[in-house]
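Working notes, beginning with the structure itself.
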Amino acid sequence: MNRYLKALQGLCWSSIVHGARERSLGELENASCVGAEAIGRILSKQLRSIPVVSLDRIMGKPNDLHLRIGKYEDGMLPVEDLIILIYLLAREQPASVLEIGTYMGHTTRAIAENCTESIVHTLDLPPDFDAKRDPVDIPKDDFHLIEKRKVGREFAGLPCSKRIRQHFGDSATWDFLNADGATFFFIDGAHTYEYIKNDTIKCFELCNERGNFLWHDVDDRHPGVVRFLAELRHSGKDIIRFANSQLAYLKNI
């Protein structure tokens, strides 16, 4: 226990408390008040194997972003991650996007409102999903979020909803050809190792690995995500993490 207390010495309390939401170590990693040595002791070896870059390292010309900010709701994308996502979308302007994990639709709406010519495919479990009767023998997580979903609530009835294609199904068995043509993928469904591997491989297959891939919850609270992305990195995929975020990214065009 003492080595962890020593590693935490010098951490800024305001960086640890983030409203009503616990911040991840990935978010703290590049905060100025956190010593590199302390963070190095805390982060897993697998997480540290994925290099970190700041967003401005890949920025080109300025882009206008449509950003809607409201009170944080458990399960939605934190604003610092949302900014990175919509910047990448504004830069790439894909003709078709696939989001895995609709939830309430906050992120889906942001995608559609920043890609005004794009078709946005978004996938979530059926509204009547019952964990006790789940026919898919792959471990899931986030059941507390699944239970309280109102899928697509945030974009229902809005003009952008005309370009949103809501799909229901389990990504382990869903036919990804329903999103044929997608070249930008936001993978934020179940966060177990088995699901992140399944979802990533199927996205790769859909576009022959030629696209933009963004993963969420890349931190040590989600070891399955970190493990699989570290394996991909080790296999030669040029995956990076964005500083002060829970996002990992691969551009392979």
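The values are calculated or read from the model by the stated rules, or taken from the named source; none is laboratory data. Just so it is clear, the structure is predicted and the values come from calculations on it, not from any experiment. All Cβ positions, glycine included, derive from the backbone under ideal geometry; neighbour counts span all protein chains shown.
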Check your understanding: Pairs under 9 Å by beta carbon, first residue farther than 14 Å from GLU231 by Cα in region 193-213, partner aromatic (Phe, Trp, Tyr) and surrounded by fewer than 20 Cβ atoms within 10 Å (Cβ to Cβ), six or more apart or different chains?
Key -> LYS202/TRP174; GLY211/PHE204; PHE213/PHE204
Review point. Just for region 137-158: of the residues that are assigned to a loop (DSSP other than H, G, I, E, B) and among the hydrophobic types (A, V, I, L, M, F, W, C), which one is farthest from the chain's Cα centre (by Cα)?
Key: LEU158
Review point. Does LYS132 qualify as being at pLDDT below 95, over 18 Å from the mean Cα position of the chain (by Cα) and surrounded by fewer than 10 Cβ atoms within 10 Å (Cβ to Cβ)?
Key: yes
Review point. Has region 71-92 got any residue that is free of Cβ contacts under 8 Å to residues at least 12 places away in the same chain, more than 20 Å from GLY189 (Cβ to Cβ) and not in a helix (DSSP H, G or I)?
Key: yes
Practice item. Out of the residues in region 139-163 that are among the acidic types (Asp, Glu) and out of contact with any Gly (no Cβ under 6 Å at 6 or more places or on another chain), state the one that is surrounded by the fewest Cβ atoms within 10 Å (Cβ to Cβ). Key: GLU147
Review point. More than 22 Å from ASP137 (Cα to Cα) and among the polar types (S, T, N, Q) - does that describe any residue in region 194-206?
Key: no
**Study point:** Selection within region 204-230 - assigned to a helix (DSSP H, G or I) and surrounded by fewer than 22 Cβ atoms within 10 Å (Cβ to Cβ)
**Key:** PHE204, GLU205, LEU206, PRO223, GLY224, ARG227, ALA230
Practice item. For residues that are at pLDDT 90 or above and of a type in the set (Asp, Glu), scanning just region 36-84, find the one that is surrounded by the most Cβ atoms within 10 Å (Cβ to Cβ). Key: ASP81
Exercise for review: State yes or no: is ARG233 surrounded by 16 or more Cβ atoms within 10 Å (Cβ to Cβ), of a type in the set (D, E, K, R) and either part of a loop (DSSP other than H, G, I, E, B) or more than 16 Å from the chain's Cα centre (by Cα) (or both)?
Suggested key: yes
Check your understanding: Quick one: which of THR173, THR122, THR108 is free of Cβ contacts under 8 Å to residues at least 60 places away in the same chain and in a loop (DSSP other than H, G, I, E, B)?
Key -> THR173
Review point. Quick one: which of ALA230, ALA179, ALA190, ALA156 is over 21 Å from VAL97 (Cα atoms), in the same structural domain as SER118 (by TED's automatic domain parsing) and not acidic (Asp, Glu)?
Key: ALA230
Review point. Do the conditions hold for GLY105, that is, is it small (Gly, Ala, Ser), within 15 Å of the chain's Cα centre (by Cα) and either surrounded by 13 or more Cβ atoms within 10 Å (Cβ to Cβ) or closer than 25 Å to ILE146 by Cα (or both)?
Key: yes
**Study point:** Lone unmet requirement of (1) surrounded by 22 or more Cβ atoms within 10 Å (Cβ to Cβ); (2) on the phi > 0 side of the Ramachandran plot for ASN244
**Key:** (1)
